[in-house]
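Below: one structure, written as structure tokens.
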Amino acid sequence: NAGVTQTPKFQVLKTGQSMTLQCAQDMNHEYMSWYRQDPGMGLRLIHYSVGAGITDQGEVPNGYNVSRSTTEDFPLRLLSAAPSQTSVYFCASSYLGSSNEQFFGPGTRLTVL
Amino acid sequence: KQEVTQIPAALSVPEGENLVLNCSFTDSAIYNLQWFRQDPGKGLTSLLLIQSSQREQTSGRLNASLDKSSGRSTLYIAASQPGDSATYLCAVIDRGTALIFGKGTTLSVSS
């Protein structure tokens, strides 16, 4: 098992550019989510999905879009990047249910100039 | 709104010491609590998951306890080693499936 994989590892964007952060898991997990990690703020939930075709907003969804067309993939789209979106982004996945231990990817470090 | 607090923010100990990391949460209605380790520039590694019906979990030199009524969890690390140096994050799930994180304790173990 590769677990949770994320690409790219690093990315630099200019303000206003768009891009997609990729996340994939090979554990057949129903639940997938995106977090951002900022100094002094900790990890905050952006969007999550409980299965293919189902997504919902987390704590900080503005400026981000997601879709879930397959169980394996959960891409995060930045439509028009802003410097405030400079952060480290983590994808996570788990089975649904009360014993849902969550597993994280290695992260994408994004800088918006 | 659930809030998770970890104290201290940073901790330095000599190799071989037993140590305790603290995590507190404001709403005791949690489904489970998970401890993670994060090395600099890396992702989060799951260490232990404690379900709400459990009191503790053990893995090797790590032991995590949960006291829901007081809103507290502790992570006990026995015989600390320099390789234990990392940031330790505590997170709870109280409703739905989203993890709510504390800001972490950064541990430094000197040889």
**Asked** among the β-branched types (Val, Ile, Thr) and outside any strand (DSSP E or B) - does that describe any residue in segment B:1-14?
**Response** no
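Rundown of residues vs (1) within 14 Å of another protein chain (Cβ to nearest Cβ); (2) at positive phi; (3) under 9 Å from the mean Cα position of the chain (by Cα); (4) surrounded by fewer than 21 Cβ atoms within 10 Å (Cβ to Cβ), yes/no style:
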site: B:Ser69; (1), (2), (3), (4): no, no, no, yes
site: B:Ile77; (1), (2), (3), (4): no, no, no, no
site: B:Asp84; (1), (2), (3), (4): no, no, no, yes
site: B:Val92; (1), (2), (3), (4): yes, no, no, no
site: B:Arg95; (1), (2), (3), (4): yes, no, no, yes
site: B:Thr105; (1), (2), (3), (4): yes, no, yes, no
**Message:** Let me spell it out: the conditions are (1) among the small types (Gly, Ala, Ser); (2) in contact with an Asp or Glu (Cβ under 6 Å, 6 or more places away or on another chain); (3) more than 24 Å from B:Gln38 (Cα to Cα), and A:Ala82 meets all of them except one. Which number is the exception?
**Reply:** (2)
**Prompt:** Within the set of pairs 6+ apart or on separate chains, which have a first residue in segment B:6-31 that is closer than 21 Å to A:Glu101 by Cα, a second that is surrounded by fewer than 16 Cβ atoms within 10 Å (Cβ to Cβ) and among the aliphatic types (A, V, I, L, M), and C-beta atoms under 7 Å apart?
**Reply:** B:Asn22/B:Ile7
**Fill in**
Condition set within 12 Å of the chain's Cα centre (by Cα) and more than 14 Å from chain A (Cβ to nearest Cβ), scope segment B:20-55, selection surrounded by the most Cβ atoms within 10 Å (Cβ to Cβ): answer is B:Leu21
**Fill in**
Selection over segment B:74-111 where residues are assigned to a loop (DSSP other than H, G, I, E, B), over 21 Å from A:Ser33 (Cα atoms), small (Gly, Ala, Ser) and touching a residue at least 60 places away in the same chain (Cβ under 8 Å) yields a count of 4
**Request:** Any chance you could count how many residues in segment A:53-72 are farther than 25 Å from A:Gly16 by Cβ and buried (at least 16 other Cβ atoms within 10 Å of the Cβ)?
**Result:** 3
**Prompt:** Is there a residue in segment B:61-73 that is in contact (Cβ under 8 Å) with a residue 40 or more places away in the chain, in a strand (DSSP E or B) and either of a type outside the set (A, V, I, L, M, F, W, C) or within 19 Å of A:Gly42 (Cα to Cα) (or both)?
**Reply:** yes
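Could you tell me which of the residues A:Gln6, A:Gln17 is in contact with a Ser or Thr (Cβ under 8 Å, 6 or more places away or on another chain), assigned to a strand (DSSP E or B) and surrounded by 13 or more Cβ atoms within 10 Å (Cβ to Cβ)? Walk me through how you get there before you give the answer.
On the way: A:Gln17 fails: assigned to a strand (DSSP E or B).
Criteria check complete, one pass: A:Gln6.
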**Request:** List every residue pair whose Cβ atoms lie under 6 Å apart, where the two residues are 6 or more positions apart in sequence or sit on different chains, the first residue falls within segment A:76-99 and is within 14 Å of chain B (Cβ to nearest Cβ), and the second residue, located anywhere, is of a type in the set (Gly, Ala, Ser) and in a strand (DSSP E or B).
**Result:** A:Ala92/A:Ser33
**Fill in**
Residues of segment A:29-52 being touching a residue at least 40 places away in the same chain (Cβ under 8 Å), surrounded by fewer than 18 Cβ atoms within 10 Å (Cβ to Cβ) and hydrophobic (A, V, I, L, M, F, W, C), in sequence order, are A:Val50
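Readers should treat all values here as calculations from the given coordinates under stated rules, not as data from a laboratory. These figures come from a predicted structure and were not determined experimentally. Positions of Cβ are backbone-derived with ideal geometry, glycine not excepted, and every protein chain shown enters the neighbour counts.
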